[in-house]
Amino acid sequence: MKYRLLYFIISCMVLTSCIEDPEIPVNTNAGNFEALWKIIDTKYCYLDYKHINWDSVHTVYKARVDSGMDKYEFFDLMGAMLGELKDGHVNLYSDFDRSRYWKWFTDYPSNFNSNILYSDRYLGENYRVVGGMRYNFIDNGRIGYIYYGDFSDTFTDVNMSNILSYFSNCRGLIIDVRNNGGGYISLAEQLSSYFFTNDTITGYISHKTGDGHTDFSAPEAVKTPAHEKIQWQRPVAILTNRMSYSATNSFVVRMKMAPNAVIIGDKTGGGGGLPLSSEIPNGWMVRFSACPMYDADMQHTEWGIDPDIKQDMTTADANNGYDSIIEKAIFYLNR
Amino acid sequence: MRKFIFAFLLITCSVSAQDNEKYKLINASDKFGISSIDILDSYLSPLVYTGVGFRYEHAESKFLLSDNDRFIATGKWFALAGMTLNPQYTGTMTYLGVAYSWGVHYRLPDIYGFRLYGGANVDARYAMKTNDRNVNNPYNMDMATNLNLSGIVQYDIATRKRLMRLNYRIETPVLGSMFVPENGASYYEMFDVGIVKNAFLFSSLHNKTGVSSELSIDIPFKHSEWTFGLGSSNLKYKANNLLFRQNTVFLNVGVKYDLYIFSGMKNRAPANFRNAGL
């Protein structure tokens, strides 16, 4: 009996060592480079879609990695390597800097002027604000206008019920999500649910299932539910620009399918890949697109969503205090 | 104060007290401890996070049957809260976990004064790990049920003043089910879109191994019995191309009591009230 007990204890201890630990590269510039390159190689979801030869990137950047580089030089080099992905959802986080790729909006017209937005013609000074929604009547009370600049600002059904009731006598509603860089994707679903009358498949999502660049799960349908109690069934215009990104992109994808909605402005900035994060041996964190999201026609949304009505802000309008995109929406809703 | 403590204990033990049979005492213990924690959660990070945590354990034991002193049933609540850091101290991971187990031990024949118990228990575990830096997907859940084999060895040490008891407990999971996210899938996909079909898995020794053990000593004092323990637990599991590991080493301090005699040492249990002794 004594020996059986001993065997039991020893077998327990042996069994715990049967599952092997993963190999972690050493914490050197070369080791960190390999770790970062491999994370992207195995987990980033758009290498094939964007026709990026990641092996070639390895060759080019490995030659530039030097053990004598200080942390700033090495960080900049790794940031440049990640910049090859041309993805606003890819960042390298250290305790002294965050790498980023911003050309998805800096290479395009801004189509947004906050001075005009807060002028008396639009929001003015006495707008109401709740749950991140800044709202007021415009066009002599005929149109309800909401500016929502951050999908990290949470709102509730009660907030939205009050806002939509406030605008109950309006002909139409404008939801301006320009310069909204994203936030919680669940809020994108919630906000769009007020504009659907039936549960609707508005997109698809998949994720990497293996290390290969084409190893993806079968796309699963993403439904936008119609809100049970709060439904706006009059026309609604969604205003977009290139800085409408990530969760905002997801909101626009959904609103494309809403029965009374129209998208007006510039193409959105994209950000169609849901990001995950990982770390490399020196403690830097990398965020990357991991789960590609598609629209209802199974088209990638990474490069942005085209508006139904393309409209840029014009210098002439701006000089006169007009926001060309809001004016276009007012014209559309008053037809 | 004593009334307050007694009321507290009555409340915490009320579920078991309701089915307390006439002649069976419920031995209870409350232990508090400090623990070192190592966590590898390759869903959140490939790096091992290390830190410290605080643990609490409440256990209740009694004879399973009225007419048999060999079977002892034990129910146990366990909670662990910890804060860990990655090797470069640039990221933190918090750990909050609770577990409940219920099982039965059988008392084997004594050997050289050692009391031996062998048995099994089933448990349900839930823990939330949060990697604060992960912007979009910062959480991972540990959720599992296990069938564990366990063994207990006890040895009484008599001194001039008191009878102390050495306890050694060991436990290992053998079968169960567990939640492991799909490698590469986000929590949005799993819980908002509802794609969890590959996340609930069968576990056995092929993909989950572990052992937890504790050496403790029970020392009776005039009005109470205290227990001091040193233990460790090591758990590893692998599924969906992800590896998870959690190692802890802990120190426990606690008090042991049974509900009947807690109101005072003068009020001792009659001889026909039997004490399971765990």
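The values are calculated or read from the model by the stated rules, or taken from the named source; none is laboratory data. Predicted model, so just to flag it, every value in this text is computed and none were measured. Here the Cβ is made from the backbone with ideal geometry for all residues, glycine too, and neighbour counts use every protein chain on show.
When you look at A:LEU173, is it touching a strand residue (DSSP E or B) at 6+ places or on another chain (Cβ under 6 Å), under 26 Å from A:LEU123 (Cβ atoms), within 14 Å of chain B (Cβ to nearest Cβ) and surrounded by 21 or more Cβ atoms within 10 Å (Cβ to Cβ), yes or no?
Details: touching a strand residue (DSSP E or B) at 6+ places or on another chain (Cβ under 6 Å): yes; under 26 Å from A:LEU123 (Cβ atoms): yes; within 14 Å of chain B (Cβ to nearest Cβ): no; surrounded by 21 or more Cβ atoms within 10 Å (Cβ to Cβ): yes.
For A:LEU173, the condition - touching a strand residue (DSSP E or B) at 6+ places or on another chain (Cβ under 6 Å), under 26 Å from A:LEU123 (Cβ atoms), within 14 Å of chain B (Cβ to nearest Cβ) and surrounded by 21 or more Cβ atoms within 10 Å (Cβ to Cβ) - is not met.
If you scan the range A:191-209, which residues turn out to be outside any strand (DSSP E or B), within 11 Å of chain B (Cβ to nearest Cβ) and touching a residue at least 24 places away in the same chain (Cβ under 8 Å)?
Those that are outside any strand (DSSP E or B), within 11 Å of chain B (Cβ to nearest Cβ) and touching a residue at least 24 places away in the same chain (Cβ under 8 Å): A:SER206, A:HIS207.
Condition check: aromatic (Phe, Trp, Tyr), in contact with a strand residue (DSSP E or B) (Cβ under 8 Å, 6 or more places away or on another chain) and modelled with pLDDT of 85 or more. Does B:PHE228 satisfy that?
Here the answer is yes, as B:PHE228 does meet what is asked.
Just name the residue that is surrounded by the fewest Cβ atoms within 10 Å (Cβ to Cβ) out of those in the range B:22-46 that are within 14 Å of chain A (Cβ to nearest Cβ) and touching a strand residue (DSSP E or B) at 6+ places or on another chain (Cβ under 6 Å). Break it down stepwise before answering.
Of the residues in the range B:22-46, the ones within 14 Å of chain A (Cβ to nearest Cβ) are B:38-46.
Still in the list and also touching a strand residue (DSSP E or B) at 6+ places or on another chain (Cβ under 6 Å): B:38-45.
Details: B:ASP38: 15, B:ILE39: 26, B:LEU40: 21, B:ASP41: 21, B:SER42: 19, B:TYR43: 25, B:LEU44: 27, B:SER45: 24.
Top of the filtered list is B:ASP38.
Would you point out which residue out of B:SER232, B:SER212, B:SER177 is touching a Gly at 6+ places or on another chain (Cβ under 8 Å) and either more than 8 Å from chain A (Cβ to nearest Cβ) or surrounded by fewer than 16 Cβ atoms within 10 Å (Cβ to Cβ) (or both)?
Residue meeting the stated conditions: B:SER212.
Please go through (1) closer than 30 Å to B:TYR43 by Cα; (2) in contact with a Leu (Cβ under 7 Å, 6 or more places away or on another chain); (3) of a type outside the set (Ser, Thr, Tyr) for B:ARG125 and return the number of the only condition it doesn't satisfy.
Every condition holds for B:ARG125 apart from (2).
Residues B:TYR56, B:TYR49, B:TYR112: which one is touching a strand residue (DSSP E or B) at 6+ places or on another chain (Cβ under 6 Å) and under 24 Å from B:ILE170 (Cβ atoms)? It would help to see each step written out before you state the result.
Details: B:TYR49 fails: under 24 Å from B:ILE170 (Cβ atoms); B:TYR112 fails: touching a strand residue (DSSP E or B) at 6+ places or on another chain (Cβ under 6 Å).
Just a single option satisfies the conditions, and that option is B:TYR56.
Starting from the range A:21-38, take each residue that is within 11 Å of another protein chain (Cβ to nearest Cβ) and crowded, with 19+ Cβ neighbours inside 10 Å and list its partners that are assigned to a loop (DSSP other than H, G, I, E, B) and modelled with pLDDT of 95 or more, counting only C-beta distances under 7 angstrom and pairs at least six apart or across chains.
Pairs found: A:ASN32/A:ILE280; A:ASN32/A:PRO281; A:ASN32/A:ASN282; A:ALA35/A:ILE280; A:ALA35/A:PRO281.
Look through B:MET164, B:MET178, B:MET128 and report the one residue that is assigned to a strand (DSSP E or B), under 25 Å from B:LYS76 (Cβ atoms) and at pLDDT below 95.
Going through B:MET164, B:MET178, B:MET128 in turn, just one is assigned to a strand (DSSP E or B), under 25 Å from B:LYS76 (Cβ atoms) and at pLDDT below 95: B:MET164.
Considering only residues that are farther than 21 Å from A:SER246 by Cα and either away from chain B (no Cβ under 12 Å) or surrounded by fewer than 17 Cβ atoms within 10 Å (Cβ to Cβ) (or both), which ones fall in the range A:79-112?
A:ALA80, A:MET81, A:ASP95, A:PHE96, A:ASP97
Given the criterion touching a residue at least 12 places away in the same chain (Cβ under 8 Å), touching a strand residue (DSSP E or B) at 6+ places or on another chain (Cβ under 8 Å) and facing chain A (nearest Cβ under 8 Å), identify the matching residue among B:ASN148, B:ASN134.
Details: B:ASN148 fails: facing chain A (nearest Cβ under 8 Å).
After applying the criteria, what remains is B:ASN134.
Got a number for residues in the range B:190-209 being charged (D, E, K, R) and either more than 13 Å from chain A (Cβ to nearest Cβ) or touching a helix residue (DSSP H, G or I) at 6+ places or on another chain (Cβ under 8 Å) (or both)?
Qualifying residue count for the region: 1.
If B:THR90 satisfies all but one of (1) among the hydroxyl-bearing types (Ser, Thr, Tyr); (2) surrounded by fewer than 17 Cβ atoms within 10 Å (Cβ to Cβ); (3) within 13 Å of chain A (Cβ to nearest Cβ), what's the number of the condition it fails?
(2) is the only condition that B:THR90 fails.
So how many residues does the range A:203-227 have that are surrounded by 19 or more Cβ atoms within 10 Å (Cβ to Cβ) and among the hydrophobic types (A, V, I, L, M, F, W, C)?
Matching residues across the range A:203-227 total 2.
Looking only at the range A:51-78, filter to residues that are surrounded by 14 or more Cβ atoms within 10 Å (Cβ to Cβ) and of a type in the set (Val, Ile, Thr); which one of those is farthest from A:ASP211 (Cα to Cα)?
Filtering first and then ranking leaves A:VAL65.
Go through the range B:178-195 and report how many residues are touching a residue at least 12 places away in the same chain (Cβ under 8 Å) and within 29 Å of the chain's Cα centre (by Cα).
Total meeting the criteria: 7.
What's the number of the condition B:ARG107 fails, among (1) closer than 22 Å to B:MET178 by Cα; (2) within 14 Å of chain A (Cβ to nearest Cβ); (3) touching a residue at least 12 places away in the same chain (Cβ under 8 Å)?
Going through the list (1) closer than 22 Å to B:MET178 by Cα; (2) within 14 Å of chain A (Cβ to nearest Cβ); (3) touching a residue at least 12 places away in the same chain (Cβ under 8 Å), B:ARG107 breaks only (1).
Counting only residues that are surrounded by fewer than 20 Cβ atoms within 10 Å (Cβ to Cβ) and either under 16 Å from B:ILE39 (Cβ atoms) or within 14 Å of chain A (Cβ to nearest Cβ) (or both), how many does the range B:53-78 have?
1
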